[in-house]
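Q: Have a look at this one.
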Amino acid sequence: MADDFALAIGRFAEMTTKQIHEVRKEAQKEIIAGTISDTPVDTGRARMNWIASKDGPANYSMNLAVTGGNPVAAAQAQAFGEDGTLYFVNNVEYAYYLEFGTPKMRPRAMARTNLQRVADNLKAKYG
């Protein structure tokens with residue numbers, strides 16, 4: 001009887017861990033997609049330079065327009081759900097000003113708005 005209980009607890013822990021990883025991965029993908037799509041487009045350079053990475057923040061810029069890439073798909077491919085930190089950066093020199101604004105330009109708050117939206121959705125769903 002004790003063995004059955006231990007097996008049931010083990011299966012429950014395994015299933016719960018798997019579900020947590022899936023929720024985490026989906027939340028990351030949602031943050032990425034929302035942030036990229038909320039990035040304003042003038043030349044498209046800022047939208048194309050969102051870079052997701054696992055081991056540390058990317059310190060380079062890229063131009064997916066040249067390669068015909070999809071910035072959302074490229075960034076979401078790096079999302080992971082098991083452990084570690086998702087680094088999601090934009091290395092164009094004016095990305096900070098798009099997010100936080102300037103005295104002459106209102107802040108767009110692409111990242112902050114999407115982080116809060118996803119956090120609110122998770123809190124509403126899981127309490």
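The values are calculated or read from the model by the stated rules, or taken from the named source; none is laboratory data. Computed from a prediction, not measured in an experiment: that's the story for all the values here. A quick note on method: Cβ atoms are made from the backbone with ideal geometry, for glycine too, and the neighbour counts reach across all protein chains shown. These accessible areas exclude ligands, DNA and RNA; they are computed on the full protein's heavy atoms, side chains included. Shrake-Rupley method; radii C 1.70, N 1.55, O 1.52, S 1.80 Å.
Q: Residue by residue through region 1-23, note down the ones that are open to solvent by less than 70 Å² (accessible area, probe 1.4 Å), hydrophobic (A, V, I, L, M, F, W, C) and within 21 Å of K125 (Cα to Cα).
A: Those that are open to solvent by less than 70 Å² (accessible area, probe 1.4 Å), hydrophobic (A, V, I, L, M, F, W, C) and within 21 Å of K125 (Cα to Cα): A13, V23.
Q: Please give the helices (runs of 4 or more DSSP H) falling wholly within region 1-68 in which 2 or more residues are modelled with pLDDT under 90.
A: 2-38, 64-67
Q: Can I ask one more? Any idea how many residues of region 86-102 are without any contact (Cβ under 8 Å) to a residue 40 or more places away in the chain and either in a loop (DSSP other than H, G, I, E, B) or under 12 Å from the mean Cα position of the chain (by Cα) (or both)?
A: 4
Q: Among the residues in region 103-110, are any open to solvent by 60 Å² or more (accessible area, probe 1.4 Å), modelled with pLDDT of 85 or more and in a helix (DSSP H, G or I)?
A: Checked region 103-110: no residue is open to solvent by 60 Å² or more (accessible area, probe 1.4 Å), modelled with pLDDT of 85 or more and in a helix (DSSP H, G or I).
Q: Of all residues in region 86-102, count the ones that are open to solvent by 90 Å² or more (accessible area, probe 1.4 Å) and of a type in the set (A, V, I, L, M, F, W, C).
A: Taking region 86-102 and keeping what is open to solvent by 90 Å² or more (accessible area, probe 1.4 Å), we get 93, 96-97, 100.
Now restrict to residues that are of a type in the set (A, V, I, L, M, F, W, C): 100.
Count: 1.
Q: A further question on this structure: Would you call D83 at pLDDT 70 or above and either at positive phi or surrounded by fewer than 16 Cβ atoms within 10 Å (Cβ to Cβ) (or both)?
A: The answer is no for D83.
Q: A further question follows. Is it fair to say A46 is over 14 Å from the mean Cα position of the chain (by Cα), of a type in the set (A, V, I, L, M, F, W, C), open to solvent by less than 70 Å² (accessible area, probe 1.4 Å) and under 15 Å from A74 (Cα atoms)?
A: Against the criterion (over 14 Å from the mean Cα position of the chain (by Cα), of a type in the set (A, V, I, L, M, F, W, C), open to solvent by less than 70 Å² (accessible area, probe 1.4 Å) and under 15 Å from A74 (Cα atoms)), A46 qualifies.
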